[in-house]
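First the structure, in the form of structure tokens, and then the observations on it.
The values are calculated or read from the model by the stated rules, or taken from the named source; none is laboratory data. From a predicted model like this one, the values you see are computed outputs, not experimental measurements. Because the Cβ atoms are built from the backbone with ideal geometry, glycine has one as well, and the counts that use them run over all protein chains shown. These accessible areas exclude ligands, DNA and RNA; they are computed on the full protein's heavy atoms, side chains included. Shrake-Rupley method; radii C 1.70, N 1.55, O 1.52, S 1.80 Å.
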Amino acid sequence: MTSTNDQVKFLPSHWRVGGSVVLALLLAVQTWLYLRSESVSTAQHFSYTQNLRDLRELDAEIDGELLANRLELTRNYDALTDFVQRAVVTSGMTLATPSYLSVDDKATVLSAAQNVQAIYQQKAELIDGFKRNNAVLRNSMAFFPVAAGAFLDGDDARLPAHHRLVDQYVRVVLVYARAPSEPARQRIAEARARVAAVSFEAAARSKVHNLLRHGDVITQRLSTLDQLMQGIFALHSNEQVDKLNRDYGAGHARALADAGRYRMATYALDIFLVAYLALAFFGLDRARRSLEVAHREISDRYSAQLAAEKKLKLHATAFNSAHDGITLTDAQGAIVDINPAFSRITGFERSEVIGRNPRVLKSGRHDPDFYAAMWRSIKETGSWSGEIWNRNKYGEVYPELLSISAVHDEAGQLTNYVAVFADIRRIKDQERQLKQMAYYDLLTELPNRALLADRVVQAIAQARRSQTMIAICYLDLDGFKPVNDIWGHDAGDKVLVEIANRLKDALRGGDTVARLGGDEFVLLLLGLTNPQECDEAMLRLLNRIAQPMSFLPEPVSLSASIGVTLFPGDDADPDTLLRHADQAMYQAKQAGKNRHHIFDAEQDRFARSRYDRVDRIRQALEDQEFLLYYQPKVNMRLGTVIGAEALIRWNHPERGIVPPAEFLPLIEDDELIKLVGDWVIETALTQMEIWRAEGLNLPVSVNVAGKQLQSPAFVEKLKVALFLHPDVAHQLELEVLETAALEDVVKSARVIDECRAMGVHFALDDFGTGYSSLTYLKRLPAETIKIDQSFVREILSDWNNLVIVQGVIGLANAFQRQVIAEGVETVDHGRLLMQLNCDQAQGYGIAKPMPAELMVDWVRDWRGDPLWAQFGRLTWEDADYPLLIAEVDHRNWVAQLVYAIKEGQPAPHASLDDAQRCRFGQWYHGHGKRRYGALPAYARIDPPHLLVHQIASRIDAHWRDGQMTAARALIPELLAARDATLTALSELQLACGVVRAGV
């Protein structure tokens, strides 16, 4: 054959070398451009911006904790110290600027970061100074009153002149501690000079010196603290963080822009390379055609060889890269090769299994028949697949999805076996989880409604076969909702789990306990022979449920109402049986709760279930049977009406006016509550427009249920309602129960913010009855706090409630919220609230809820009580609050004695004839005497107070002699003496009050 090599023409060598160099340079440039275009790291950007966000949040937390410590809302520096340390560390992290920034931007960002770090280090030093000075101040503030009382009450204060000088110095120091000012500081200096000029006896001199030293500490440290606070806030650390954020954002934007330009250059170079390569391939194609004839035979052989190698390489790649384990054995079953996935799944390395039989993985869970059937299938069909349990190197048994195939050569002789398997533990776990979720309650792990329905069907079939009875019991807990309201849903979940465990422990092994949701359970009792067995089981269950829940913050005992229906006496389908048990449960609740009721078709055929009553309420809404009553809200100090609260009533065609407590609880978890809430808002807005036309512009507050507030369409519906009533939209206020708002604080806060943006005001209703905290109060943007009436009603007789109300008012003032008290039932309630600086109130003592048509005349005619006007002109210092507690103590002391005598019980107090032993007497002869002893009104309290104890002693003597009628006859005289004491006490309160500014 003639060679064709001479026919081939090649390009000059220097052309080929030059082209290769150019191509290499272009590829290097392309690589450099690509690296530049991808230089902006998302991870670095996210990390740096996260540090900036953390720094802003920590700065806000530091300022909040600092103010809380300064205002004595907290006495713990742990949180403040932690926030400061984290801020300093985070500010140091901002010095590590991202590498993709330009030199100028990196210098700018680094300079800003160094400035931020320096500011936070300075801020940390100032805060350390604040903590030291505040600790010293607190110590002196705690000791100063004690030292003053010890000196003024002791024998060293016998000289009246010296007594007055020290007393004046103590008063001016306490005034300065409450309201620091330069004039007050000057008065302290003058009073101190006068005290220092007095020559005391040796024993008194050290006490006076100690008193002056602590007074100096209070004066100096208060001034130092204010200067430190000013220095801290003057650093404007938040502004410096914002500047750092802006500088970094600008640098990041420029880096992104540069990367974009490099990316465009990369695209342009790619186009050029494609064109260059196309030209090169065109030249190569010419050379290929020249070589094609000469190398045809060699190319064919070489192509066949490459195809074979490629196929082998592909098989090897698939073998080594497969996610499933692969085992290759010879015809005798000895392992000849495994892939990496085999080692990953089984734990055996390649060297540990080569030459061994796969029986090394045998788990022992399958019997010989299983393996015999497997090999029979392989021999007959050439393959087998299925699930199998194997054991890994570490002894763990796991499920596999295994496929075994026999391999034969061209002659049909068996040469190898190939086994492919996958670890399906995760799939099995998911199957178990799905089954658990489909048929079991996630919280209690009890069967759910679906599994219960299946078991009821099986139980009915079994009862018919065995001719026995089954009981379907519908159980609902009594008093479960307050557990959620008081201690939160976590506590409620623990109670449900405990109840579930008690129910399971109390029943037999074949019985079923299921949870339908909430606090509703269903019990399925099998194999009963008579109803008495069911009664005994129910009593046993009720006793078990009633055992105290000792794991709660306070031990609580719950009860349950159980409805029972017995099959085959009630021969109905499963759904009907469950409904009958539900109806019987409501009969048990109506009968007083903590009991069970057995369904009887003849007796209960007219009983309606809860669903029937909900349907009736829905029908009442459609038939417009609901109406709104309005309870006025007033400013007691100004004597003005400031608004009204809309309260729903049901004008039942047969029962008349039905209060909301009888129907709202039935729908509070139903979608119907949203429709009723929408109706209330629309009706209130319409009534406000009617009043406006009559000349009455009165804001109205409407109660919003938690389910309505957190519904997705609430904001849009409210926006439409406000659009339809634009003239009064700004006068609408929504009241949200504290417990409802705390169910989802983040969502509630967002909804409140959106509504406030439309001009709607918000009030936090029944404040103090939920799990309140400063964090929740800070995050809920409600303008008004309503003190729950359960606290307000008892402030005249329980000083604990008085302190709670005072604390809520102080908390509202600290957060700059308005406060209004519910449950004002008497004039004295209102007077005491004004003395606590709560001016706004509502309650039966002002007005009961009334129809809309009566409101105009009531507002026009209402006048505040003269006592309110008399006390409304004055204000009292914090040091006067024990005077109010003394009043409450006196009322409570008399009330307890009156109750005991009326009930025929012994007197609840010891030493009735000693007027100095009661709490009021201790205050009167102790703190009261020191503070008010010089006032004439103070002396007028003693005679009626002594008379109270004299009458109480006579009452006790009659009781001891068994003369209960004579003892009870003295009660009016006792109450008259009490009222005289309270009148004298009121005169003292007026005498020590200070006229309010602007009056």
Label-reachable residues, segment 512-533, where backbone N falls under 13 Å from a point 7 Å from Tyr439's Cα toward its Cβ: none
Solvent accessible area, Å² - Lys362, 1.4 Å probe, full protein context: 100 Å²
Probe 1.4 Å, accessible area per residue of segment 879-995, Å²: 47 Å²
Where only C-alpha atoms are counted, convex hull volume of segment 655-760 per residue in Å³: 109 Å³
C-alpha long axis of helix 745-757 to longest principal axis of the chain, angle in °: 70 degrees
Cα gyration tensor of segment 231-351 - equivalent ellipsoid semi-axes, whole Å, descending: 56, 39, 6
Carbon and sulfur %, accessible surface of the chain computed with the full protein complex present, 1.4 Å: 54 percent
Label-to-label distance, nm, for residues given as Asp270 and Asn800 (7 Å Cα→Cβ offset): 7.6 nm
Charge sum, other residues only, whose C-beta stays under 12 Å from Gln619's C-beta, Lys/Arg counted +1 and Asp/Glu -1: -2
Cβ-based charge dipole, the chain, positive-most Cα from Ile681, Ile752, Val824: Ile752
Cα-projected label distance for Phe282 with Ala869, points at 7 Å along beta-carbon direction, nm: 10.8 nm
J(HN,Hα) series, segment 362-372, from Karplus relation 6.51 cos²θ - 1.76 cosθ + 1.60, nearest Hz, glycine and proline x: 4, 8, x, 7, 9, 7, x, 4, 4, 5, 5
Length released on extending from Phe233 to Leu539, taking residue separation times 0.36 nm less the Cα-Cα span: 103.5 nm
Chain lengthening between Asn115 and His209 when straightened (0.36 nm per residue, less Cα-Cα): 29.2 nm
Computed label-point distance, nm, for sites Glu396 and Ile298 using a 7 Å Cα→Cβ extension: 5.7 nm
Ala372/Gln458 FRET efficiency (R0 41 Å; Cβ-Cβ; nearest 0.05): 0.70
Global geometry of segment 610-864, whether rounded, prolate or oblate, following the gyration tensor of its Cα atoms and the 1.5 cut on a/c: rounded
Surrounding net charge for Arg213, when Lys and Arg each add one and Asp and Glu each subtract one, Cβ distance under 13 Å: +3
Helical contribution to [θ] at 222 nm, DSSP H n ≥ 4, -39,500 (n - 2.57), averaged over the chain, rounded to 500: -19500 deg cm²/dmol
Calculated diffusion of segment 390-441, Stokes-Einstein form, Kirkwood radius summed over Cα pairs, 25 °C and 0.890 mPa s, µm²/s: 175 µm²/s
The chain: relative contact order as a whole-number percent, Cα under 8 Å and 6+ apart: 6 percent
Charge dipole (the chain, unit charges on Cβ, about Cα centre) - positive-most of Leu638, Ala411, Trp799: Ala411
On Cα atoms only, tilt of 942-960 relative to the major axis of the chain in degrees: 80 degrees
Size of segment 136-234 as Cα extents on the principal axes (Å, biggest first): 50, 24, 18
Quotient of Cα Rg and 2.2 N^0.38 Å for the chain, N being how many residues it contains: 1.42
Charge tally in the Cβ shell below 11 Å around Phe567, where Lys, Arg are +1 and Asp, Glu are -1, Phe567 excluded: -2
FRET efficiency, Asp490 to Glu716 (Cβ-Cβ, R0 30 Å, nearest 0.05): 0.40
With all protein chains modelled, accessible area of Ser911 [1.4 Å, Å²]: 50 Å²
Gyration tensor (alpha-carbon) shape descriptor, segment 277-412, a/c threshold 1.5: prolate
Fully extended contour minus Cα-Cα distance, from Ser466 to Ala450, at 0.36 nm per residue: 3.3 nm
C-alpha long axis of helix 42-70 to longest principal axis of the chain, angle in °: 10 degrees
Kirkwood estimate for segment 448-599, i.e. one over the average of 1/r between Cα atoms, Å: 15.6 Å
Mean separation of Cα contacts under 8 Å (6+ apart) over length of segment 320-430, as relative contact order %: 27 percent
DSSP-defined antiparallel bridges as percent of all bridges, the chain, nearest 5: 75 percent
Average projected area [Cα convex hull, segment 879-995], square nanometres: 6.7 nm²
Rounded to the nearest 20 debye, dipole of segment 610-864 from Cβ charges on Lys, Arg, Asp, Glu: 640 debye
Per residue accessible area in Å² of segment 136-234, where ligands, DNA and RNA are left out and the probe is 1.4 Å: 54 Å²
Estimated dipole of the chain in Debye, rounded to 20 [Cβ of Lys and Arg +1, of Asp and Glu -1, Cα centre]: 2880 debye
Reciprocal of mean inverse Cα separation for segment 42-129 (Kirkwood radius, Å): 13.9 Å
